[in-house]
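The values are calculated or read from the model by the stated rules, or taken from the named source; none is laboratory data. Everything numeric here is computed off the predicted structure, so don't read it as measured data. Glycine also receives a Cβ, built like all others from the backbone with ideal geometry; neighbour counts cover every protein chain displayed.
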């Protein structure tokens, strides 16, 4: 009786090897909404049985094979996640691609397929819905008050939405990327009595789809008693008990509220003609509104009259060619040194007068670099030029510093010199598995190759092991592969025998260090000796003994 019980686990293991469980993929998707060309891409999903090898075949817009992703072994509950691969290796031209997932029990045509859309820069799942934002009305808010509202889409069943602001949103405004809640508290400098309008877009994205709605928010000053806020007839402070021959030291103007942002007065001065007129009439002792409120005046570059959509050179050409335009600029913008500064361009200086147009400009550069007296003469007499190159009309040479400490692939820095390093060579093809599954592109062969190249060969121990193993393996594998091709029954038997090997090797996916590869490797060797040698030997021994009894 005891002997019969001992046979039970051995017989169960034999049954699992010969008749493995079958499972189908029930769900498949990208791990996140979209991937760009520079990212690594991963598929996730679920298959029915658990602990199965899962493959995802990518086919192009014309149905041609592009490549494959795989997970050597799914979780116990069937959840799988493929090994991450670069997007740029699979997607080159824009269009719709097919991704088909199937287990090692299935054929590709029986797998689960999803559509992927590639637009030239990113890939995402192709959805069968239209992403549309709900209409957003224009709004009005006063300075210091918080404006808050939540944006939504017409299809309330959609999830994984990403909200953002675009096209010059006001400073301080924000929107929650997941919930779509907009929040903004305008500062004292962001509104005026008439109201300042802020136009921008609210954007929503899901996968490859995107929609936006324009909104206008008007910011006004809070309603206050005008008599308490810079009255036009506000008296100026008069100096008392000060000698007339001593100039009065100007401080912060009397109308400035220290609890308010000084910039708010500057913004009112620039945006409200009545406020500007009131200040200029009542406080002429101040050179500018900046001095009155205690701020250092900074030039706005480009100047307020510059249209950001217009080429800055347009204004320079008008200044040089239209006398009326030049007069208007010089009268209204004396704070700028030149039209170039006002429009944000570097002023182009004329060739220095000492330059002979028949002479090679490099001649002057060489004299400057090689003759100290000539260099001293130039620096003293032409300080308006940034360099000798600018004076003679040559582009200044850029000195490229040699890169130190960086070597290309396959080399390392030794005493300041890049030298070749020895790298372990990848093994050849798996002859037995290729013959069993019919092609080097078969998913099972791909898994074996990926585990060998990405895990085993990436460590010193693994490379040493594979070097010795290859000598042993290639001594007999060609003969077995040839016999597989001649005998279909033997080929199917080998295929069944390889199934538990491929599944067991999936444990190496969790090995990241030299020590882990060594530990997992020894465990796998013992496991496979047990499955392929010890278990069958014990089964045969017990069977013979049982038959004799």
Residue match in the range 56-67 (condition: more than 24 Å from the chain's Cα centre (by Cα), at pLDDT 90 or above, more than 23 Å from residue 125 (Cα to Cα) and not assigned by TED's automatic domain parsing to the domain that holds residue 512): no
Residue that is surrounded by the fewest Cβ atoms within 10 Å (Cβ to Cβ) [pool: residues in the range 309-337 that are modelled with pLDDT under 85 and under 25 Å from residue 391 (Cβ atoms)]: 337
Filter result (over 15 Å from residue 70 (Cα atoms), under 40 Å from the mean Cα position of the chain (by Cα) and surrounded by 16 or more Cβ atoms within 10 Å (Cβ to Cβ)) within the range 433-478: 433, 434, 437, 456, 457, 459, 462, 463, 465, 466
Test: residue 178 is surrounded by fewer than 19 Cβ atoms within 10 Å (Cβ to Cβ), in contact (Cβ under 8 Å) with a residue 12 or more places away in the chain, at positive phi and not in a strand (DSSP E or B): no
Unmet requirement for residue 224, which otherwise passes all of (1) under 30 Å from residue 319 (Cβ atoms); (2) at pLDDT below 85: (1)
Subset of the range 281-320 (residues that are out of contact with any helix residue (DSSP H, G or I) (no Cβ under 9 Å at 6 or more places or on another chain) and in a helix (DSSP H, G or I)): 281, 282, 291, 317
Helices (runs of 4 or more DSSP H) (entirely within the range 437-519) containing at least 2 residues that are outside the structural domain of residue 66 (by TED's automatic domain parsing) and closer than 22 Å to residue 111 by Cβ: 443-451, 488-505
Residues that are without any contact (Cβ under 8 Å) to a residue 40 or more places away in the chain and either farther than 15 Å from residue 214 by Cα or outside any strand (DSSP E or B) (or both), drawn from the range 151-166: 152, 154, 155, 156, 157, 159
Filtered residue count, the range 118-148, keeping only those that are in a loop (DSSP other than H, G, I, E, B), over 29 Å from residue 198 (Cα atoms) and modelled with pLDDT under 90: 4
Considering residues of the range 43-66 that are touching a residue at least 40 places away in the same chain (Cβ under 8 Å), in contact with a strand residue (DSSP E or B) (Cβ under 9 Å, 6 or more places away or on another chain) and in a loop (DSSP other than H, G, I, E, B) only, the residue surrounded by the fewest Cβ atoms within 10 Å (Cβ to Cβ): 49
